[in-house]
Amino acid sequence: MTEISAADVAVPVVLRVNGDEYRITAQPRRTLADALRDDCGLTGTHLGCEHGVCGACTVLLDGEPVRSCLLFAVQSQGAEIRTVEGLAGDDGTLHPLQEAFWRHHGLQCGFCTPGFLMLSAGVLETRPDIGDDELREALSSNLCRCTGYQTIVEAVRSVRDAGEA
Amino acid sequence: MGEPDRPRGRSLIGESVLRLEDRPLLVGEGRFLGDVSFEDELHLRVVRSDVAHGVLRGVGLEDVLAAEGVVAAWGADEVAHLPAIEFRMTGFDELRPHCQRVLAGERVRYVGDPVAVVIAEDPYLAEDAAELAFVDVDPLEPVLEANSPEAVAPLTLEHEHGDVEAAFAGAHRIVELRATVGRHSGIPLETRGLLARPVDGDGPDGNRVELYGIAKVPHYNCVTIAAMLGLAPGQVVGREGHVGGGFGVRGELYPEDLLVTHAALKLGRPVKWVEDRREHLLAANHSRDQTYHVRAAVDADGIVQAIDADFFHDQGGYVRTHGATVPNLSVALLPGPYLVPSYRVRGHIRLTNKTPAGTYRAPGRFESTFVRERLMDAVAATYGLDPAEIRRRNLIPPESMPFDRGVNTLGTPVVYDSGDYARLLDRLLDHLGYESLREGLAARRGAGERVGLGIGMFVEKSGLGPFDDVRVRRLDGGGVEVVTGAASVGQGMETVIAQICAEVLDVDYVDVTVRHGQTDMIGRGLGAFASRVTVMTGVAVYLAATELAATGEVAEATFNTEHMTYPYGAHAAVVRVDEGTGGVTVERYVVAYDVGRAVNPMLVEGQIIGGVAQGIGGALLELFAYDSDGQPLATSFMDYLMPTVAEQPPVEVLLSEDAPSPLNPLGLKGAGEGGTTACGAAIAAAIDDAIGRPGAVTSLPATPELVRSLLRI
């Protein structure tokens, strides 16, 4: 009944995530987000809308914040992917952004948090001196339904001001 | 930097300690429903009606069953033996014929109405196959307005006290208005979902089914699912994990919960369902959507002697678990903080062909506060008085506390337990620098800007009983375990409960572990709604910990109450209107809120600021619009607009503890909803002020289209 198309045939895919190599088999239509979550077991990346608006699935692809729900796993091969699981040190030491979100009460339910952390990390790593207005504009890429954003902005500013990211 | 600091040795109640919940959420180790999976799990996809109203001739599933990976597909026949989903709250016999069945059988009543399910080995394949279902519907004319004569009219809620007729007969002036609050909802960032896992058991209940993704009211849902499926209560076990936002919407018992559990039991394998965002916008409870006609009888001094209100509540296609909760709250809390000696109200519950409605943060209060505060502004304009002055004249004075409102809601009499409303208003005005702020805005208007100030006041409710149980136990190694039947929806309840427990036992709050939402750990529990957890569970843990301190290793306590507590607040908004586009920018927002006693001021402020964001969404942006065929027009985040940081103003919170509740030993009132309640009211008033037209904004959201139309008049 169902026609078989090229998109339905699973192919080998190699993803480099947080410095580790993951060899998986995935249909070409499989999103990067689903591959990270279900094939690599990295469930810290969340899916809030699956149409590229909410930003909960934000990861870094070669240092750039991207929506992993809008990318296919196959097209992410060869890139260095970073997810929330790679932020803290191997010894469990929190990244300054993680520390700042905690201190500033920048999360409530925590569902959007990994996306905001990766967005903020990508922004501060490329533009450590970003101005307040541009920072707000950058953070307006993602949705949070709990915090009203104020404490998220305060957290990211504090890391920027300390020059820690 | 090391671990965040944690204060020791000081009083913990009132301390803004950092949250216990945060570390796993920060490092990607959260366990939300989508993060839970089992080796042999199946995936369920719901087939939904894409017609708003029609006769369902049948659902053709032949092609679905032949598709790759499909294990089963069912229409309504499979679950025809299951009853409709009952009310959890505020049930009325008149509403019962309109409860939703698990799958629609003969009629479809909204776009999104579940008509069949597909269960497959893989979520992609389940979705592919579901698209092959043939849903055969003969369309009928949809009803899209609650006040249309075609709308099914099961029930009108009525209440009257005082002498309304005499007040109107003797009124110095009668002030009247019509107002509408649009349809919007909670929209948590995590969509709904459920994973049901059959487990072989050797206990007294035998085989069981565990439910992951359960939220808000785990005990109620497990017991109800068990009863509906013919199981013993203990055979359905709630396994609450992390919950990605609640807001009233998530965790109510929905048809999907029954479909998933039934499928798991029938197929003998774990079955997982995670809805997509479009489904959430079509199928999870909508809210608000009330249209009012109100009149006030006002005496010569500007005192409102009576309010006569009539409103329509658009319930959508079915009545769900909340029964008449939302209109019931509108009825009871419309008079708000004002004396209003005489009051008459009729709330007409009407069925339409839209998504069924339920509660959303400040249910019935966001709507009725908008209407009442618009009315007070209209009275002020009629009498040529300042909006703050007209409110001050009408406020219930502190010496009248406790104040019996003369009306019941949620099965309890509305008796405001404590409050000094005028003092809170003064605090807000002082903070604003009210007079100079008004002069400054007038000067800006004189220079051509469209800027204005609006205020709104309200009484909230919190701490709904009637009971909460807590068990406290000392652990080996110095820790303490608290077990509660309450639930977490991300609000920080573990931290707050640990603070209260640690304060009593003089231990570090980080050594207190709070276990919640696990239905096999405690016999009963009411969950997390109606801003109840800090009050009800907080006092229960206070009682249990006090007993433990006296007696030893384990203690249990129950906190019973027949009354809610009533926090109260005042909002102020400063807005700027763009004359060209009609766009409204909120420049500044202030919330003064009295919660009796704040266990953790940082978390209370977080609740308020987050609540303001949702209130601004409802005031300016969020709307479930429908076309004339009943097709929903907001089915993605491209069309359903929620505030981003760009729309959110700086929010100043004036947290007040003037009026501890006399109804519990800690003086607690709940803090979850007051950030949202008066946003519509304050922002509408500010827009009026900005455009120099008192009473202009009578419907929400005040979209650019609406505001621009007001500017053109």
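Name the most mobile residue of A:93, A:43, A:31, meaning the one with the largest mean-square fluctuation, in a Gaussian network model of chain A with Cα contacts below 10 Å.
In this elastic network of chain A, the residue with the biggest mean-square fluctuation among A:93, A:43, A:31 is A:93.
What are the ³J(HN,Hα) values, in whole Hz, obtained from phi via the Karplus relation 6.51 cos²θ - 1.76 cosθ + 1.60 with θ = phi - 60°, for each residue of region A:25-33 in sequence order, with x given for Gly and Pro?
10, 8, 5, x, 7, 5, 6, 4, 4
Shape of region B:391-450 from its Cα gyration tensor (a ≥ b ≥ c, root eigenvalues): rounded if a/c is under 1.5, otherwise prolate when a/b > b/c, or oblate? Don't skip to the end; give the middle numbers.
Values: a/c = 4.37, a/b = 2.61, b/c = 1.67.
It is prolate, given that a/c is not under 1.5 and a/b is the larger ratio.
Scanning chain B for helices, which whole DSSP H stretches are 15 Å or more long along the axis (Cα) and average 0.0 or more by Kyte-Doolittle? Kindly include the intermediate steps, with their values, before the conclusion.
Working: long enough: B:218-229 (16 Å, 0.85); B:255-267 (18 Å, 0.51); B:365-383 (26 Å, -0.13); B:421-432 (17 Å, 0.02); B:434-446 (18 Å, -0.94); B:493-505 (18 Å, 1.38); B:533-551 (25 Å, 1.44); B:601-616 (22 Å, 0.98); B:679-691 (18 Å, 1.49).
Qualifying helices, which must be both long enough and hydrophobic enough, are B:218-229, B:255-267, B:421-432, B:493-505, B:533-551, B:601-616, B:679-691.
Please report the accessible area of residue B:174 (heavy atoms, 1.4 Å probe, ligands and nucleic acids excluded) in Å², nearest 10.
90
Once both labels are modelled 7 Å past Cα along the beta-carbon direction, what's the residue B:705-residue A:164 spacing in nm?
Using points 7 Å along Cα→Cβ, the separation is 4.6 nm.
Contact order normalised by length for region A:96-162, with contacts defined as Cα pairs under 8 Å and 6 or more residues apart; what percent is it?
Numbers: 56 pairs, mean separation 37.4, N = 67.
Worked out over region A:96-162, it gives 56 percent.
Can you tell me what the convex hull of the Cα atoms of region A:6-86 projects to on average, as an area in nm²? Working shown, then result.
On the way: hull surface 18.8 nm².
The orientation-averaged projected area of the Cα hull of region A:6-86 comes to 4.7 nm².
Calculate how large, on average over all directions, the projected area of the Cα convex hull of the protein assembly as shown is; give the answer in nm² to one decimal. Walk me through the intermediate numbers first.
Details: hull surface 144.5 nm².
In nm², the orientation-averaged hull projection of the protein assembly as shown is 36.1.
In the protein assembly as shown, how many lysine pairs have Cα atoms under 21 Å apart, counting only pairs 8 or more places apart or on different chains? Each step should come with its number before you reach the end.
Values: B:216/B:272; B:216/B:461; B:216/B:669; B:461/B:669.
Lysine pairs meeting the criterion: 4.
When all C-alpha to C-alpha distances in chain A are sorted into bins of 5 Å, what percent of pairs does each bin hold, rounded to whole numbers?
So the P(r) values, bin by bin, are 2, 9, 18, 21, 19, 13, 9, 5, 3, 1, 1, 0, 0.
Can you give me the angle between helix A:113-126 and the longest principal axis of chain A, using Cα atoms only, in degrees from 0 to 90, rounded to the nearest 10?
Rounded to the nearest ten degrees, it is 70.
Can you show me the helix-derived [θ] at 222 nm for the protein assembly as shown, built from DSSP H runs with n ≥ 4 at -39,500 (n - 2.57) apiece and divided by the number of residues, rounded to the nearest 500.
Values: 21 runs with 230 residues, N = 878.
Calculated mean residue ellipticity at 222 nm is -8000 deg cm²/dmol.
Work out which residues of region B:601-629 lose at minimum 10 square angstrom of accessible surface when the other protein chains are put back, relative to the chain isolated, with a 1.4 angstrom probe, and list them by number.
Hits at the 10 Å² cut-off: B:602, B:603, B:606, B:607, B:609, B:610, B:613, B:614.
State, in square angstrom and to the nearest 100, the accessible area buried between chains A and B, both chains counted, probe radius 1.4 Å. Could the numbers behind the result be given before it?
Working: alone 8850 and 25890 Å², together 29930 Å².
Summing both chains' loss of accessible area gives about 4800 Å².
Name the shape class, rounded, prolate or oblate, that the alpha-carbon gyration tensor gives for region B:410-497, where a ≥ b ≥ c are the square roots of its eigenvalues, rounded holds for a/c under 1.5, and otherwise prolate holds if a/b is larger than b/c and oblate otherwise.
Values: a/c = 3.55, a/b = 2.37, b/c = 1.50.
Prolate shape, in that a/c is at least 1.5 and a/b is the bigger ratio.
Taking the Cα atoms only, what angle lies between the long axis of helix A:150-162 and the longest principal axis of chain A, rounded to 10 degrees?
Its long axis makes an angle of about 80 degrees.
What is the antiparallel percent of DSSP beta bridges lying wholly in chain B, to the nearest 5? Please list the in-between numbers first.
Numbers: 94 of 125 bridges.
So the antiparallel bridges amount to about 75 percent of the total.
Starting from the coordinates of the alpha-carbon atoms of region B:324-403, obtain the Kirkwood hydrodynamic radius over all distinct pairs and give the value in Å to one decimal.
It is 14.4 Å.
Rounded, prolate or oblate: which one fits chain B, using the alpha carbon gyration tensor with axes a ≥ b ≥ c (rounded when a/c is under 1.5, else prolate when a/b beats b/c, else oblate)?
On the way: a/c = 1.75, a/b = 1.21, b/c = 1.44.
Judged from the Cα gyration tensor, chain B comes out oblate (a/c at least 1.5, b/c at or above a/b).
The values are calculated or read from the model by the stated rules, or taken from the named source; none is laboratory data. What you are looking at is a predicted structure, and each value in this text was computed from that prediction instead of being measured. Cβ coordinates were reconstructed from backbone atoms using ideal geometry, including for glycine residues, and neighbour counts include every protein chain displayed. Ligands, DNA and RNA are stripped out before the accessible areas are found, and what is left, the full protein with its side chains, is counted by its heavy atoms. Shrake-Rupley method; radii C 1.70, N 1.55, O 1.52, S 1.80 Å.
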